[in-house]
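The values are calculated or read from the model by the stated rules, or taken from the named source; none is laboratory data. None of the values given here were measured: they were computed from a predicted structure. Glycine gets a Cβ as well: all are built from the backbone with ideal geometry, and neighbour counts include every protein chain shown. Note: accessible area is taken over every heavy atom of the protein model, side chains too, but ligands, DNA and RNA are not part of it. Shrake-Rupley method; radii C 1.70, N 1.55, O 1.52, S 1.80 Å.
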Amino acid sequence: RMKVLTAEQMRQVDRRTIELGIPGLILIENAGHRVGEFLAATFAPIERHHVVVLCGKGNNGGDGLVVARLLHTHWKPRRLDVVVAADPAELTGDAAANYRMLAACGCPVAHSITPGMRQATVVVDALLGTGLKGPASGKILDWIRAINSDFPCAKIVAVDIPSGLASDTGAMPGESVRADYTVTFTAPKAGQVLPPACDRVGELHVCPIGSPPSLY
């Protein structure tokens, strides 16, 4: 029997984990490590790849910023482009902390998708997470469309859930990323296993994040 969580249940798991002494910043760090490990294993040797990491301004974007930092400092793809959908001043909490750490590592960050990025072989979708309410709009919607149509050579890896999908139902409130792989945390979410949304998830990989990643 497979346990499936709603977004609220996942938030409760995270709150309980934090109460037990693992800070939210560490949970995001572990999530980013899990995605980085998945990329390194699935696309080995990662040094041959051109990776684009697209980050939103929430916790899902924070996960993406960790992935970007680890790629920059540890796994070192042939080319790495990191694109953040928000001005740094708009970032808060753990996302802001991870942006500062990425900048401290000397990794360049862009705020728009440029033509040279479109030859990427791997695109990491860290735009929207399980807290989405309603359809995606604005710049994020434009980037969802770009992920689906403008990276002809790339495999798409979604962090936690493909951006634009509802976490708690199989409904699709608007346009969403069509992923080849989704790396989610702790347990599958209802929106990842119910139709028609499950058809956008690709191969689903479930990773624990309450314990240190294997890199340590």
Point to revise | Residue order for 26, 113 - accessible surface, 1.4 angstrom probe, largest first | key: 26, 113
Study note, to complete from the structure: For residue 5, other-chain or 5+-apart residues with amide H closer than 5 Å (H placed, Pro excluded) are 189, 190
Review point. Rank 6, 184 by accessible area, highest first, at a 1.4 Å probe radius?
Key: 6, 184
Check your understanding: Say we join alpha carbon atoms closer than 10 Å with springs in a Gaussian network model of the chain; which of 141, 71, 54 then has the biggest fluctuation?
Key -> 141
Revision key, fill the gap. Per GNM of the chain with C-alpha springs under 10 angstrom, the most fluctuating residue out of 148, 59, 30 is 148
Check your understanding: Which residue, 64, 170, 134, has the most motion in a Gaussian network model of the chain that connects Cα atoms within less than 10 Å?
Key -> 134
Practice item. At 1.4 Å probe size, with no ligands or nucleic acids counted, give the accessible surface of residue 175 in Å², nearest ten. Key: 80 Å²
Exercise for review: Once you have a ≥ b ≥ c as the square roots of the Cα gyration tensor eigenvalues for the chain, tell me rounded if a/c is under 1.5, and otherwise prolate or oblate according to whether a/b is larger than b/c.
Suggested key: rounded
Practice item. Report the accessible area of residue 137, computed with a 1.4 Å probe over the heavy atoms of all protein chains in place, in Å² rounded to the nearest 10. Key: 80 Å²
Review point. Cα-Cα over 31 Å: which of 3/139; 57/189; 139/189?
Key: 3/139
Study note, to complete from the structure: Given trypsin sites (Lys or Arg not before Pro), DSSP loops and at most 12 other Cβ atoms within 10 Å, the longest exposed-site-free stretch of the chain is 134-216
